[in-house]
Amino acid sequence: KLQREKWRQPVVSVLELGGVKIARDDVVRDDPTNNVPDTIFAKLGMQLHKREKHPIGILKNAIFEYFDTNYSNKFDKFDDLCPLVSVKQNFDDVLVPEDHVSRSYNDTYYIDSQTVLRCHTSAHQAELLRGHTHFLVTGDVYRRDSIDSTHYPVFHQMEGVRVFSPNDWDGSGMDATSFAARDLKKCLEGLARHLFGSVEMRWIDTYFPFTNPSFELEIFFQEKWLEVLGCGVTEQEILRRSGKENNVAWAFGLGLERLAMILFDIPDIRLFWSSDERFTSQFSSGQLGVKYKPLSKYPPCFKDISFWINDSFTENNFCEVVRGVAGDLVEEVKLIDNFTNKKGMTSHCYRIAYRSMERSLTDEEINKLQWDVRDQVVSKLNVVVR
Ligand code: FA5
Ligand code: MG
């Protein structure tokens, strides 16, 4: 019992975010239009990107340095914008279609039907475009998501936007969109070299509602391609609405945890939330060359759970139950079996990997967690455990 208390974040009742005072009861409510758990509220004021000695803060400053040097301090910086935003800011203003999955309660944390925890820093694009032509927005973002070493329900992004005027692309021999796309890729490749020196990277064509064309950058890390950012040439409609119809712009959204994992060789995204001194003491402000020395690895423990799902079952809901019970002791949740019987009932089997980065877990403790998971999937998700 005592040991489990240790990794729980203290639950404060009032926070100050971007100059706004917010009470717990304003964010976490027992109400069908609210799906924010206490564990998420506990992360709201943490602002890892503002800690000078934290890997996320160190990385942020290194990125600032790149932009300040290469663009003579032209980029305006924002890192204290409140993460509670309207549905309009988060989705409508960046042209996310009415029926897009990202709007669902399964993917986004809603405070009420009109207010969300921003799921990307793009939520601030449209407003800032009115007064600025070069800007960087850093902040914590929130998503209901799967559980593994590169996904966490709270993470940090940095948005970058640059607006061009006709005299920038005139004479380039290119159309405005190609000009902006080329400049964007050059800027981000330069940033990757500034941070990592030489590194294996590749561009992937993708889709975002707010850019066209759109790209993702992947970097080779721990034997896999890891997606580190999304970007593209801003949809003209967004510029038009911000009074910039004669301009062209590019925008990007960096995943700061992913970049910091590569930069410092950090193997698991949960580590960013560790207050264990053996982790935190390894980093100091301004130091990019440091490679994380792993604490001795403690053994994982795997537990399987099988149940008959129902129509409302989703994997994100299941993951939230597991996080609610096990917090950062859960390392991965993986679907290992999925079948439908003759009666049309579907069964899922998930393998949960429990592992602490700080100590060995006891059998007793893990069994208790697993029983709590079993109880809660039944009571909260209405599934039938097999
Ligand atoms: C976006 O969020 C877009 N807003 C990015 C963008 C901005 C595109 C401006 C175009 C113009 P995406 O959902 O792919 O895109 O997330 C961006 C990055 O955040 C990803 O590449 C990844 O590095 C990081 N990321 C996404 N989900 C998680 C997660 N659960 N945990 C940690 N990092 C994540
Ligand atoms: Mg993506």
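Coordinate-derived values only; no laboratory data. Predicted model, so just to flag it, every value in this text is computed and none were measured. Cβ coordinates were reconstructed from backbone atoms using ideal geometry, including for glycine residues, and neighbour counts include every protein chain displayed.
Proximity of backbone amide H atoms, modeled 1.01 Å from N, is registered between Val141 and Phe155, His156, Gln157 at under 5 Å, excluding neighbours fewer than 5 places apart on the same chain. When the Gaussian network model of the chain links Cα atoms closer than 10 Å, the mean-square fluctuations of Phe210, Phe264, Phe220 top out at Phe220.
Using Cβ point charges alone (K and R +1, D and E -1), the dipole size of the range 301-385 about the Cα centre works out to roughly 320 debye.
Note on the chain: with charges restricted to the Cβ of Lys and Arg (+1) and Asp and Glu (-1), its dipole about the Cα centre is near 800 debye. The trypsin sites (Lys or Arg not before Pro) found in the range 289-384 that occupy coil by DSSP, while having at most 15 further C-beta atoms within 10 Å, are Lys291, Lys297, Lys342, Lys343, Arg359.
In summary, the lysines within cross-link reach of Lys291, defined as a Cα separation below 16 angstrom excluding same-chain residues under 8 places away, comprise Lys53.
Converting the Cα gyration tensor eigenvalues of the range 11-280 into ellipsoid dimensions via √(5λ) gives semi-axes, longest first, of 29, 24, 17 Å. Count Lys and Arg as plus one, Asp and Glu as minus one, and take only other residues whose Cβ is under 9 Å from that of His151; the net charge is then -1.
Give the residue from Val322, Asn367, Asn338 lying farthest towards the positive end of the charge dipole for the range 301-385; charges sit on Cβ (+1 for Lys and Arg, -1 for Asp and Glu) and the dipole is referred to the Cα centre. Of Val322, Asn367, Asn338, it is Asn338. Taking all Cα pairs closer than 8 Å and separated by 6 or more residues, the relative contact order of the range 301-385 comes to 43 percent. Below 18 Å, Cα to Cα, which aspartates and glutamates can Lys186 reach? Residues fewer than 8 away in the same chain don't count. Output for Lys186: Glu65, Asp68, Glu159, Asp168, Asp175, Glu200, Asp205, Glu216, Glu218, Glu227. The H on the amide N of Ala249, modeled in the peptide plane, is under 5 Å from the matching H of Phe164, Thr234, each at least 5 residues off or on a different chain. Near Leu15: Cβ cut-off under 9 Å, other residues only, Lys/Arg at +1 and Asp/Glu at -1. The net charge is +1. Ranking Val199, Phe91, Gly232 by Cα position along the charge dipole of the chain, where only Lys, Arg, Asp and Glu carry charges on their C-beta atoms, puts Val199 farthest toward the positive end. With the simple model of a label 7 Å out from the Cα in the direction of the Cβ, Asn70 to Asp170 spans 2.7 nm.
Can you show me the helix-derived [θ] at 222 nm for the chain, built from DSSP H runs with n ≥ 4 at -39,500 (n - 2.57) apiece and divided by the number of residues, rounded to the nearest 500.
Computed mean residue ellipticity for the chain: -8000 deg cm²/dmol.
Protection proxy ranking of 143-156, 265-278, by the mean of other Cβ atoms within 10 Å over each peptide's residues and highest first, is 143-156, 265-278.
Our analysis of the range 266-386 gives Rg over Rh at 1.08, with the two radii drawn from alpha carbon positions and Rh computed by the Kirkwood formula.
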